[in-house]
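Step one of this worksheet: look at the structure below.
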Amino acid sequence: KMGNKYRPLLSMQNIGKVEIYGGEIDVNYSPVKGLDIFANYSYTHSVIVDYKANTLFGDVDITGKYLTFTPKHMVNSGVTWRNGIVNVTAVYSHLSSQYMDSQNSPDTDKYINNIPAYGIFNMKIWHTFNSMFTLNLGANNLFNKRYQDASSQYSIGRYIYTQLNITL
């Protein structure tokens, strides 16, 4: 059960043939020294083109349906600012909705069958000492957005971390 809705029990079975293709584009721009602006877009098309349904077990033909847990669209964009004192990176990430069942069923009053689209902001601040130590402080899901991921789990919320890198 997820929230107040049920999630159907599923059994996994191999699919005969899938058509998968896509593309990705990256754009990077540095208008001034120390400032980088970047964006990335990915598109994935993933359709089942051959499936042998076992009607003895009540299988339904899913030929022509989209693969589960595969977002069609992903976007990442952000900015990095570097100076002699502190460096900062802020990134926005967006994933489009994803099917959780092979029949690509819509959500109903009782069942949740799709992972809704979501977007989150992440941020990291860091400083390098003596070119050997780099201390990071970061936050994933900066605005504490509640979302469901591909493992069908809800996000843990804002995640703050520190990291120390040592270069020898």
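The values are calculated or read from the model by the stated rules, or taken from the named source; none is laboratory data. All figures in this text were calculated on a predicted structure; none of them were measured in a lab. Methodologically, a virtual Cβ is constructed for each residue, glycine included, from the backbone with ideal geometry; neighbour enumeration extends over all protein chains shown. Heads up: the accessible areas ignore ligands, DNA and RNA and are worked out on the full protein's heavy atoms, side chains in. Shrake-Rupley method; radii C 1.70, N 1.55, O 1.52, S 1.80 Å.
Here are the numbers for the structure shown:
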item	result
Residues of the stretch 34-83 satisfying the condition of being acidic (D, E) and under 11 Å from S102 (Cα atoms)	D59, D61
Tally, over the stretch 129-147, of residues that are free of Cβ contacts under 8 Å to residues at least 24 places away in the same chain and over 14 Å from G78 (Cβ atoms)	6
Criterion violated by D26 - all others in (1) farther than 26 Å from N114 by Cβ; (2) modelled with pLDDT under 90 satisfied	(2)
Residues satisfying the stated conditions in the stretch 148-158, i.e. touching a strand residue (DSSP E or B) at 6+ places or on another chain (Cβ under 8 Å) and open to solvent by less than 70 Å² (accessible area, probe 1.4 Å)	Q148, D149, A150, S152, S155
Every pair of residues 6+ apart whose Cβ atoms lie under 6 Å, when the first sits in the stretch 148-159 and is touching a residue at least 12 places away in the same chain (Cβ under 8 Å) and over 13 Å from I112 (Cα atoms) while the second is hydroxyl-bearing (S, T, Y) and in a loop (DSSP other than H, G, I, E, B)	S155/Y147
Qualifying positions in the stretch 120-139 - over 19 Å from G34 (Cα atoms), open to solvent by less than 60 Å² (accessible area, probe 1.4 Å) and not small (G, A, S)	I120, N122
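So that you can scan it fast, the table gives a plain yes or no per residue for (1) touching a strand residue (DSSP E or B) at 6+ places or on another chain (Cβ under 9 Å); (2) within 30 Å of G34 (Cβ to Cβ):
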| position | (1), (2) |
| --- | --- |
| V86 | yes, yes |
| Q103 | no, no |
| R146 | yes, no |
| I160 | yes, yes |
